[in-house]
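Okay, structure first, notes after.
The values are calculated or read from the model by the stated rules, or taken from the named source; none is laboratory data. Because the structure is a prediction, the values reported are computed rather than measured. Cβ coordinates were reconstructed from backbone atoms using ideal geometry, including for glycine residues, and neighbour counts include every protein chain displayed.
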């Protein structure tokens, strides 16, 4: 399955999971067969990297950067079983229900 713009990838560094990133853009490099891949690195603070990769590297073929093994792994959202339908919410009762109102303003602050 080809990796494309807006896909989420796990970047493996030195054969270990390193960080998650979203592919923001893939544009042709001036060298034929190579691409400029703009990654939004999901760390704090957010960072943007632009790596020059070939088609195979974008799709998960291992390569090295400065002698360090790197590999992009496309992340696919796990499919969840379809949940049963949720019953509609009941309108809140404004009468004399047994509910208790708790004020959040009366809480002590932990400092």
Scan of the stretch 1-55 for residues that are in contact (Cβ under 8 Å) with a residue 60 or more places away in the chain and either more than 19 Å from residue 74 (Cβ to Cβ) or assigned to a strand (DSSP E or B) (or both), ordered by number:
8, 9, 10, 11, 12
Please enumerate the residues belonging to the stretch 19-47 that are under 15 Å from residue 63 (Cβ atoms) and crowded, with 16+ Cβ neighbours inside 10 Å.
35, 37, 39
Based on this model, can you work out whether residue 60 counts as modelled with pLDDT of 95 or more, surrounded by 13 or more Cβ atoms within 10 Å (Cβ to Cβ) and in a loop (DSSP other than H, G, I, E, B)?
yes
Going through the stretch 1-13 in order, the residues found to be exposed (fewer than 11 other Cβ atoms within 10 Å of the Cβ) and closer than 16 Å to residue 57 by Cβ are 1, 2
